[in-house]
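**Q** Here it is: the structure, laid out below.
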Amino acid sequence: MRLRVVSYNIHRAIGVDRRFRPDRIVDILRHQNADVVLLQEVDEGVPRSRELDLARELAADAGFEHYAVGHNVTLRKGRYGNATLSRYPILRERNIDLTVGRRKRRGCQHTRVRIEGPRGRRHRLEVFNLHLGLSAKERLEQVALLSRSRELTGLSPGVACLIGGDFNDWRSQLYAPLVEALGFRSACDGPNPRERPIPTYPSFFPQAALDRIYYRGPLRLEWASRGRHDLTRLASDHLPLVADLELP
């Protein structure tokens, strides 16, 4: 069974032209036809995004029946964080605090998705949707916090599991703790970690692979690439990252 996953920092649906255009994000999501979408920088009740509940609006307009939001930052008016959209039921949602010291609040949203396969078979998919900090030391500490969280430590290595989002990992320094220590595989790098991963930032001339998808358990990678659409270089400062995985 094929499972298409998209990770996308939507920059609050404010494009590189500084226009708030959630309809562009919707068009891109519809074009990718994903089963599970991991979004970062998603507003709720913030004036810059017309005080919309952006996750709810995007889910409804892009045709996702299920969604969950993990808020990380509270503003003077409104808040924002990560959101997971799914064509399949979301059974549970928790937000893992990854804030380090007095730095900007960061988090990882954990959702459990029930994948409904052919002949009535059901599969469990654990999804971790995160947005890490700007400092290399901070990011390493945040991955350590995630690795010790009960949400991750309570999972058997044989359970289908994804970690995706905006890692801000310019130099692939998180490859070792995620792949070698936690047993994940990268959908964005070649078998040699020195190979250049898929760049997604900035959207108009991508040079840095800030967005990543890692997977573990019975999942098998079929294909991964940047999302292709006429609007992707304009709709956000990041490009969407798309991965097709096989769930046996």
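**Q** State whether one or more residues within region 163-180 are among the aromatic types (Phe, Trp, Tyr) and assigned to a helix (DSSP H, G or I).
**A** Looking through region 163-180, at least one residue is among the aromatic types (Phe, Trp, Tyr) and assigned to a helix (DSSP H, G or I).
**Q** For ASP211, indicate whether it is crowded, with 22+ Cβ neighbours inside 10 Å and either farther than 25 Å from THR99 by Cβ or in contact with a strand residue (DSSP E or B) (Cβ under 6 Å, 6 or more places away or on another chain) (or both).
**A** Criteria met by ASP211.
**Q** With the condition kept exactly as written, say whether any residue in region 201-220 is farther than 22 Å from ASN82 by Cβ, in a strand (DSSP E or B) and not aromatic (Phe, Trp, Tyr).
**A** Yes, the conditions are met somewhere in region 201-220.
Yes/no matrix, rows are residues, columns are (1) crowded, with 16+ Cβ neighbours inside 10 Å; (2) closer than 28 Å to ARG19 by Cβ:
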site: ARG148; (1), (2): no, no
site: ALA187; (1), (2): yes, no
site: ARG228; (1), (2): no, yes
site: HIS238; (1), (2): yes, yes
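**Q** Okay, next question. Scanning for something at pLDDT 95 or above, surrounded by fewer than 17 Cβ atoms within 10 Å (Cβ to Cβ) and out of contact with any helix residue (DSSP H, G or I) (no Cβ under 8 Å at 6 or more places or on another chain), does region 163-172 turn up at least one residue?
**A** no
Listed here are the residues, each with its yes/no results for (1) in a helix (DSSP H, G or I); (2) within 13 Å of the chain's Cα centre (by Cα).
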| position | (1), (2) |
| --- | --- |
| HIS31 | yes, no |
| ALA34 | no, yes |
| LEU39 | no, yes |
| VAL42 | no, yes |
| ARG48 | yes, no |
| GLU51 | no, no |
| ALA60 | yes, no |
| ALA68 | no, yes |
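**Q** In region 130-154, which residue that is of a type in the set (A, V, I, L, M) and touching a strand residue (DSSP E or B) at 6+ places or on another chain (Cβ under 6 Å) is farthest from SER225 (Cα to Cα)?
**A** Step one: list which residues in region 130-154 are of a type in the set (A, V, I, L, M), which gives 130, 132, 134, 136, 140, 143-146, 152.
Cutting the leftovers down to touching a strand residue (DSSP E or B) at 6+ places or on another chain (Cβ under 6 Å) gives us 130, 146.
Details: LEU130: 19, LEU146: 26 Å.
Selected residue: LEU146.
**Q** Moving on to the next point. Can we say ASN82 is crowded, with 18+ Cβ neighbours inside 10 Å, modelled with pLDDT of 95 or more and of a type in the set (S, T, N, Q)?
**A** In short, yes.
**Q** Follow-up question, since we're still on this one. Restricting the first residue to region 1-19 and requiring it to be more than 30 Å from ARG124 (Cβ to Cβ), which pairs with a second residue that is surrounded by fewer than 14 Cβ atoms within 10 Å (Cβ to Cβ) meet a Cβ separation below 8 Å and a spacing of at least six or different chains?
**A** Here the result reads VAL16/PHE204, each pair linking region 1-19 to a residue that is surrounded by fewer than 14 Cβ atoms within 10 Å (Cβ to Cβ).
**Q** Can ARG212 be described as under 22 Å from VAL42 (Cα atoms) and either at pLDDT 95 or above or in contact with a Ser or Thr (Cβ under 9 Å, 6 or more places away or on another chain) (or both)?
**A** It is true that ARG212 is under 22 Å from VAL42 (Cα atoms) and either at pLDDT 95 or above or in contact with a Ser or Thr (Cβ under 9 Å, 6 or more places away or on another chain) (or both).
**Q** So, one more: Which of the residues that make up region 203-227 are charged (D, E, K, R), without any contact (Cβ under 8 Å) to a residue 60 or more places away in the chain and farther than 21 Å from ARG139 by Cβ?
**A** Those that are charged (D, E, K, R), without any contact (Cβ under 8 Å) to a residue 60 or more places away in the chain and farther than 21 Å from ARG139 by Cβ: ARG220, ARG226.
The values are calculated or read from the model by the stated rules, or taken from the named source; none is laboratory data. All values derive from a computational prediction rather than experimental measurement. Ideal geometry is used to build each Cβ from the backbone, glycine not excepted, and the neighbour counts take in all protein chains shown.
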